Amino acid sequence: QVQLVESGGGLVQAGGSLRLSCAASGSIFNINTMGWYRQAQGKQRELVATITSGSSTNYADSVKGRFTISTTNAKNTVYLQMNSLKPEDTAVYYCAATTRIQQYWGQGTQVTVSS
């Protein structure tokens with residue numbers, strides 16, 4: 001089992017920055033990939049960024065050049081640095097951890113970008 005706890009969401013003006021954190025606990029040695037997803041009101045959940053245990057990263061086109069995903073050396077915390085935020089980035093952001101057999105989710109943290 002893996003437990004995920006997100007923090008760092010909030011309200012920010014357009015053009016501002018926020019950093020999200022996700023602390024993983026439990027069987028973290030089984031995690032292959034960690035990532036961030038988001039779900040805006042009335043829309044489907046979408047991938048924002050992922051990072052593998054080998055530190056390979058992948059980003060949605062909409063956030064490339066603005067968001068950066070990273071982890072600690074212990075691989076037990078994943079961050080999402082969000083710069084140049086836009087109102088369309090407003091959503092609930094979820095942390096996810098994937099093992100060979102299961103995907104785990106955090107409870108989500110709200111990010112609101114005002115224009």
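The values are calculated or read from the model by the stated rules, or taken from the named source; none is laboratory data. Keep in mind the model is a prediction, meaning the values are calculated, not measured. Methodologically, a virtual Cβ is constructed for each residue, glycine included, from the backbone with ideal geometry; neighbour enumeration extends over all protein chains shown. The accessibility values were calculated without ligands, DNA or RNA, using every heavy atom of the protein model including side chains. Shrake-Rupley method; radii C 1.70, N 1.55, O 1.52, S 1.80 Å.
Looking only at region 76-92, decide whether some residue is in contact with a strand residue (DSSP E or B) (Cβ under 8 Å, 6 or more places away or on another chain), within 18 Å of GLY42 (Cα to Cα), surrounded by 21 or more Cβ atoms within 10 Å (Cβ to Cβ) and of a type in the set (Gly, Ala, Ser).
There is at least one residue in region 76-92 that is in contact with a strand residue (DSSP E or B) (Cβ under 8 Å, 6 or more places away or on another chain), within 18 Å of GLY42 (Cα to Cα), surrounded by 21 or more Cβ atoms within 10 Å (Cβ to Cβ) and of a type in the set (Gly, Ala, Ser).
Show the residue pairs that are 6+ apart or on different chains and have beta-carbon atoms under 8 Å apart, the first residue being within region 50-73 and of a type in the set (Phe, Trp, Tyr), the second being modelled with pLDDT of 95 or more and in a loop (DSSP other than H, G, I, E, B).
PHE67/ASN83
Tally the residues that are modelled with pLDDT of 95 or more and under 14 Å from the mean Cα position of the chain (by Cα), restricting the search to region 63-76.
Going through region 63-76 one residue at a time, the tally reaches 7.
Cβ-Cβ distance below 9 Å, separation of 6 or more or different chains: which pairs start in region 25-47 with a residue that is farther than 14 Å from TYR104 by Cβ and in a loop (DSSP other than H, G, I, E, B) and end on one that is open to solvent by 60 Å² or more (accessible area, probe 1.4 Å) and polar (S, T, N, Q)?
Taking only residues 6 or more apart or on different chains, the pairs are ARG45/GLN39.
Within region 29-53, take every residue that is farther than 16 Å from THR68 by Cα and open to solvent by less than 50 Å² (accessible area, probe 1.4 Å) and give me the one that is modelled with the lowest pLDDT.
Across region 29-53, the extreme among qualifying residues is ILE31.
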